[in-house]
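Contents: one structure, followed by commentary.
The values are calculated or read from the model by the stated rules, or taken from the named source; none is laboratory data. Just so we're clear, the structure is a prediction, and the values are computed from it rather than from any experiment. Every residue, glycine as well, gets a Cβ built from its backbone with ideal geometry; the counts of neighbours run over all protein chains shown.
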Amino acid sequence: MAKTIKEKKPKIKPGKLEKREARMGYVFVAPWLIGVVLFLLYPLGQSFRYVWYNIRITPVKTNFIWVGTGNFTQIWLENAEFPQQLVTYIWQTIVEVPIIVVFALMIAIMLNGKIKMRGFFRLIFFLPVIIVSGPVMNMLVSEGASTIPSMNVQTIISAFNTFLPLKAAQGVGEIFSNMIMILWYSGVQILIFLSALQKVDPALYEAAKIDGGSGWECFWKITLPTIKPMILLNAVYTVIFLSGNEQNQLINMIENAMFSGTKEKGYGYASAMAWMYAVVVTLIVLLFFLLLGSKKDSYDRMADRRKKALKKEERLHRKIQRRNRRNAGKRERALSSGKYKTYDGSGDY
Amino acid sequence: MGKQLIVYGLLICIGFVYLYPMLYMFSTSLMNRDDLLDTSVKWIPSSFYLQNYVDAAKSMDFWPTFGKGILIALLPTLCNVVICMMVGYGFAKYEFKGKKIMMGILLFSYILPSQVTMIPTYVLYNKMGILGTILTFVLPALFGNGLNAPIFILIFYQFFRQVPKVLMEAASIDGAGHIRAFFRIAVPSAIPAIVTVILFSFVWYWNESYLTEMYVRGLSTKSIWTNLVIQLKNFDSSFNTKASVGDTATSLNESVRMAATALSILPLFVMYLILQRQFVESIDRAGITGE
């Protein structure tokens with residue numbers, strides 16, 4: 001009896017149709033797979049190999065000279081600029097990403113309200129995405145078009161210096177002097193937030209209003225939890241954008257090191273720089289993941305608890321069923337062996 | 001009402017800050033040398049001096065560069081669209097072994113800065129003999145690893161997941177194979193996503209100067225491939241050499257540089273004005289934010 005029950009629920013093996021479907025999946029993904037091997041994994045492995053070598057290119061052939069961790073020690077001990085720029089980059093990214101994201105959210109909320117000329121404002125705020133590129137930015141910055149002349153950064157720094165240490169005050173000043181750049185980097189983020197905001201169910205706001213919730217409460221309890229995944233998405237997007245941007249001194253340094261004709265620099269040296277840079281970028285992305293991704297709000301936690309309880313109940317239920325079946329089998333066997341009589345309803349056994 | 005006024009005020013202020021560099025650029029680019037030196041002329045030049053544009057265009061080789069720029073942006077974009085659509089469809093509609101790992105690699109390839117793989121890729125292209133040609137952009141795009149391809153694959157992935165499975169089943173009952181279902185049903189339904197990807201891919205390729213200079217130009221001045229943004233990057237030196245060779249006694253000043261910047265922005269700016277609707281609504285319709 002027990003055996004037959006087991007046979008009723010066989011382990012599901014992929015059938016012919018499913019196998020064929022899976023094969024089609026591979027066919028569709030195949031170009032990308034080849035590309036990954038050719039343009040991602042192979043270069044990645046190669047660059048990991050380069051890190052340990054000093055590579056000199058002669059017209060005849062390329063010479064690989066094993067230096068071990070030599071490239072790293074050289075970068076950290078002899079190159080004054082790279083570590084400094086790396087620290088600046090980390091500091092800048094960690095400060096600028098929240099500013100950009102919060103700013104984009106603010107603009108998106110304003111644009112999401114009932115205002116006239118919404119299309120026109122959208123047009124303006126999205127314009128930088130179209131025209132922003134390294135050389136254009138460099139040109140504008142070098143001609144002083146990126147700072148508003150009436151904004152006196154020095155005054156702002158000294159004002160903040162009264163209650164902040166100089167370093168932090170300078171950071172704040174830096175933000176103000178780069179205000180336009182920071183604003184210009186938030187075009188895509190605004191659009192992503194905007195389209196997320198439009199998908200929030202208006203019935204939620206109505207319900208909250210009936211229960212006497214203010215606009216402020218609605219923002220924290222409804223808007224923010226709903227668009228939370230988008231905040232993470234935007235933060236990651238911003239980090240990647242800032243790290244690949246040509247305003248970023250580090251990537252120019254890597255390029256320069258790659259083609260500098262000096263003996264100690266070259267491909268290996270540049271690869272070592274690039275790897276350290278990549279690790280830092282990944283760590284920053286991870287940081288934002290931890291900050292924004294893992295935390296669940298109380299409702300999520302409640303739902304999780306309920307789900308767990310439900311599962312437990314189900315398990316118990318199954319256990320009881322199993323026991324019942326076992327017992328049923330036993331009883332049947334006992335009955336068929338003729339040891340016991342069945343109760344025929346007549347009153348005596 | 002007061003709240004509305006505050007919102008409008010803020011939007012207009014921030015909008016002005018947004019447009020400030022553009023306004024500054026256009027106004028400066030129209031000034032002649034006297035206006036530049038005259039401190040009483042701030043925003044509106046005394047006369048519209050278009051010679052700056054003529055000089056800048058001459059130095060940049062505007063029309064040939066413009067054409068090459070379009071090619072450099074358009075060809076990889078087309079490859080990007082087709083391949084990313086296929087890959088996104090494969091990920092969205094089929095279950096197969098290792099899918100999760102592949103998606104992980106996809107995300108990883110987005111986070112990874114291109115500088116890490118840049119050097120070996122450069123060596124690889126050099127070995128293949130395609131360095132300094134447009135193939136350096138077309139080939140990766142053809143294999144789903146073009147510029148920002150992970151984003152596009154994810155856009156299509158998101159989009160195709162929303163296409164009801166019933167539609168595909170109906171097609172297969174009517175006798176359509178997998179390939180046919182893809183071309184006849186998936187592709188036509190994905191037009192909003194296709195538009196989004198074309199626009200963004202084009203713009204990003206157009207504005208990419210770092211990788212374009214490295215691969216397509218191959219870092220040699222002899223290469224015929226260039227685009228406006230690269231010309232702008234090397235504007236100062238090329239302007240000086242051309243000015244010294246030529247007979248015109250023009251000198252490099254802010255106005256000419258701003259005119260060059262304006263010229264390199266102009267094509268995309270015009271395109272934006274024409275296609276503004278598609279641009280600003282594209283993210284909405286492509287369903288990046290999910291349903």
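So here's what we get for this one:
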| read-out | value |
| --- | --- |
| Residues located in the range B:224-238, provided they are among the charged types (D, E, K, R) and within 16 Å of A:VAL132 (Cβ to Cβ) | B:LYS233 |
| Residues that are charged (D, E, K, R) and assigned to a loop (DSSP other than H, G, I, E, B), drawn from the range A:92-116 | A:LYS114, A:LYS116 |
| Which listed residue, of B:LEU5, B:LEU112, B:LEU106, is hydrophobic (A, V, I, L, M, F, W, C) and within 24 Å of B:GLY218 (Cα to Cα) | B:LEU112 |
| Flag for A:ILE57 being of a type in the set (A, V, I, L, M), in contact (Cβ under 8 Å) with a residue 24 or more places away in the chain and more than 30 Å from A:ARG122 (Cβ to Cβ) | yes |
| Answer residue from the range A:127-146, given it is at pLDDT below 75 and crowded, with 18+ Cβ neighbours inside 10 Å and is nearest to the chain's Cα centre (by Cα) among those | A:SER146 |
| Residues of the range A:206-248 satisfying the condition of being of a type in the set (A, V, I, L, M, F, W, C) and either under 18 Å from B:TYR210 (Cβ atoms) or under 17 Å from the mean Cα position of the chain (by Cα) (or both) | A:ILE227, A:MET230, A:ILE231, A:LEU232, A:LEU233, A:ALA235, A:VAL236, A:VAL239, A:ILE240, A:PHE241, A:LEU242 |
| Some residue of the range B:56-74 being at pLDDT below 85 and among the polar types (S, T, N, Q) | yes |
| Any hit, the range A:170-179, residues being in a helix (DSSP H, G or I), closer than 18 Å to A:MET106 by Cβ, within 9 Å of chain B (Cβ to nearest Cβ) and not hydroxyl-bearing (Ser, Thr, Tyr) | yes |
| Members of the range A:208-250 that are among the hydroxyl-bearing types (Ser, Thr, Tyr) and buried (at least 16 other Cβ atoms within 10 Å of the Cβ) | A:THR223, A:TYR237, A:THR238, A:SER243 |
| Test: residue in the range B:42-53 that is within 24 Å of the chain's Cα centre (by Cα) and either assigned to a helix (DSSP H, G or I) or hydrophobic (A, V, I, L, M, F, W, C) (or both) | yes |
| Residues being assigned to a loop (DSSP other than H, G, I, E, B) and more than 19 Å from A:TYR50 (Cβ to Cβ) - total across the range A:79-91 | 1 |
| Residue count for the range B:207-219, restricted to those that are part of a loop (DSSP other than H, G, I, E, B) and more than 11 Å from chain A (Cβ to nearest Cβ) | 2 |
| Scope the range B:113-129; condition surrounded by fewer than 18 Cβ atoms within 10 Å (Cβ to Cβ) and either on the phi < 0 side of the Ramachandran plot or facing chain A (nearest Cβ under 10 Å) (or both); matching residues | B:ASN126, B:LYS127, B:MET128 |
| Test result for A:MET230, within 12 Å of chain B (Cβ to nearest Cβ), part of a helix (DSSP H, G or I) and either without any contact (Cβ under 8 Å) to a residue 12 or more places away in the chain or farther than 20 Å from B:ASN148 by Cα (or both) | no |
| Any hit, the range A:65-73, residues being in contact with a helix residue (DSSP H, G or I) (Cβ under 9 Å, 6 or more places away or on another chain), surrounded by fewer than 17 Cβ atoms within 10 Å (Cβ to Cβ), within 12 Å of another protein chain (Cβ to nearest Cβ) and not aromatic (Phe, Trp, Tyr) | no |
| Counted residues, the range B:1-41 - those being in a helix (DSSP H, G or I), among the small types (Gly, Ala, Ser) and more than 16 Å from A:PRO128 (Cα to Cα) | 4 |
| Every pair of residues 6+ apart whose Cβ atoms lie under 6 Å, when the first sits in the range A:14-28 and is at negative phi while the second is part of a helix (DSSP H, G or I) | A:MET24/B:HIS178; A:GLY25/B:GLY90; A:PHE28/B:MET86; A:PHE28/B:TYR89; A:PHE28/B:GLY90 |
| Conditions (1) at pLDDT 80 or above; (2) more than 9 Å from chain B (Cβ to nearest Cβ); number of the one not met by A:LEU111 | (2) |
| Test: A:LEU183 is modelled with pLDDT of 85 or more, in a helix (DSSP H, G or I) and within 29 Å of A:TRP91 (Cα to Cα) | no |
| Residues located in the range A:259-280, provided they are in a helix (DSSP H, G or I), in contact (Cβ under 8 Å) with a residue 12 or more places away in the chain and surrounded by fewer than 23 Cβ atoms within 10 Å (Cβ to Cβ) | A:TRP275, A:MET276, A:VAL280 |
| All positions within the range B:2-61 that are away from every other protein chain (no Cβ under 11 Å) and polar (S, T, N, Q) | B:ASN32, B:THR39, B:SER40, B:SER46, B:SER47, B:GLN51, B:ASN52, B:SER59 |
| Residue ID - nearest to A:LEU41 (Cα to Cα), chosen from residues in the range B:85-105 that are at the interface with another protein chain (Cβ under 8 Å from one of its Cβ atoms) and in contact (Cβ under 8 Å) with a residue 40 or more places away in the chain | B:VAL87 |
